[in-house]
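Just below is one structure, and these are the notes that go with it.
Read the figures in this text as sums done on the coordinates, not as results from a lab. Computed from a predicted structure; not experimentally measured. With ideal geometry, Cβ positions are generated from the backbone for all residues, glycine too; neighbour counts draw on all protein chains shown.
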Amino acid sequence: MFYHDKNLQYTVRVDKPNPAFARMLQQAIGGVEGEIRVMLQYMFQAWGSRGPTKYRDMLLETGTEEIAHIEMLATAVALNLEGAPTDLQDEMSKNPMVGAVLGGMNPRHYLSTGLAAMPTNSEGVPFDCSHVYASGNIAADMYANVAAETTGRVLATRLYNLTDDAGMKDMLSFLIARDTMHQQQWLAVIEELGGHEGVLPIPNSFPQAKENTEFSYAFVSTGVDGIAPPQGRFNTGPSLDGKGEFNIRRAVPLGQEPKLAPPRPDGFAQVQQMQDGEPGLIQKAINKLTE
């Protein structure tokens, strides 16, 4: 069950309305880095959480907070739209489409919502949930959450840099701070689970003896001969899980050349494709098709 408060989680103030910035804010709502994504991700992770209930509770609390962030951003979009400069309003009164284009505004903010936010990104593409990850594995989900919060914080800092509006900077500074906390929060869960050594490889419940351990910690270099592979922590020294040693292997083909059976006659490939099969196959195919 969820409850709401009529007051926002943090103050949203727009000192100088800007329809173009309203369009940019849509990315923080419905973009792949946005708040709809993390809200749904944390909620579905929680709803499918098995094991210690504290992780389910934590995810529900944070997912619910993300709803509040969507509310803040939607309010910011509306405020940036409703007080558009007078000259833009005058132009829109003559021709809404022309005014929208001249103002850098998303036309749908006028045409579809009457000056309100939408569940879309900055290009008007609806959020489709393709980047919502809820695997049922707590460690895998925590790493996915860290990635989500890092890209979200990158987006928020870019938005902060794109506005001179003091009210918008204040709101974004709050959201950036929450992204900082959430990154730390998810990493703290990984630490609580045993850190990198305790959770890697994911899932750690699968016996590693069943994998081809010859390749478990090998960095495969696909560069051409004569060019040294890149050197770094990612291919030198002990593995992060403490269970192996990184090494470098040159990429060489270890498999066979693929050989597929000839096309089936009822697959309706070209007749010429059937010429490399058994003798008379082309004629058999023709006969089959003409029966």
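Before moving on, here are some points about what is shown:
- Comparing Tyr55, Pro19, Gly104 along the charge dipole axis of the chain, the residue lying farthest to the positive side is Tyr55, per the Cβ-charge model.
- Per-bin percent of Cα-Cα distances, the stretch 157-283 [10 Å]: 9, 18, 16, 18, 20, 13, 6, 1
- Residue order, fewest to most beta carbons within 10 Å, for Leu240, Leu260, Leu155: Leu260, Leu240, Leu155
- Sparsely packed loop sites in the stretch 168-234 (the GluC sites (Glu not before Pro) outside DSSP H, G, I, E and B with at most 13 other Cβ atoms within 10 Å) comprise Glu211.
- Computed about the Cα centre, the dipole magnitude for the chain is approximately 440 debye when only Lys and Arg (+1) and Asp and Glu (-1) carry charge, each at its Cβ.
- Candidates Pro258, Pro238, Pro230, ranked by Gaussian network fluctuation over the chain, Cα under 10 Å, top entry: Pro258
- Net +/- balance of residues flanking Ala148 in space, Cβ distance below 15 Å, scoring K and R +1, D and E -1: -4
- Taking Asp241, Asp225 and counting other C-beta atoms within 10 Å, the order from fewest to most: Asp225, Asp241
- The chain, relative contact order [Cα under 8 Å, separation at least 6], %: 18 percent
- With the charge dipole of the chain set up from +1 on Lys and Arg Cβ and -1 on Asp and Glu Cβ about the Cα centre, the Cα lying farthest toward the positive end among the listed residues Val125, Gly237, Ala74 is that of Gly237.
- As a proxy for reagent exposure, Ile190, Ile67 were ordered by neighbouring Cβ count within 10 angstrom, fewest first; the result is Ile67, Ile190.
- Of Lys16, Lys210, Lys259, the one that fluctuates the most in a GNM where the chain has Cα springs shorter than 10 Å: Lys259
- Of the trypsin sites (Lys or Arg not before Pro) in the stretch 1-80, those whose Cβ has at most 16 other Cβ within 10 Å and which sit in DSSP loop: Lys6, Arg13, Arg50
- Highest-fluctuation residue, Ile29, Ile202, Ile138 considered, GNM on the chain with Cα pairs under 10 Å: Ile202
- Label of the coordinate-derived value, volume of the Cα convex hull per residue in Å³, listed as (i) 223; (ii) 310; (iii) 285: (iii)
- Note on the stretch 207-254: the alpha carbon radius of gyration divided by the globular reference 2.2 N^0.38 Å gives 1.24.
- Look at where the Cα atoms of the stretch 34-85 and of the stretch 3-27 average out, and the two centres are 15 Å apart.
- Amide H to amide H distances under 5 Å link Phe219 with Asn247, Ile248, Arg249, where only residues 5 or more positions off or on other chains count and H is placed in the peptide plane.
- Dipole magnitude of the stretch 207-254, debye to nearest 20 (Cβ charges: Lys/Arg +1, Asp/Glu -1, about Cα centre): 40 debye
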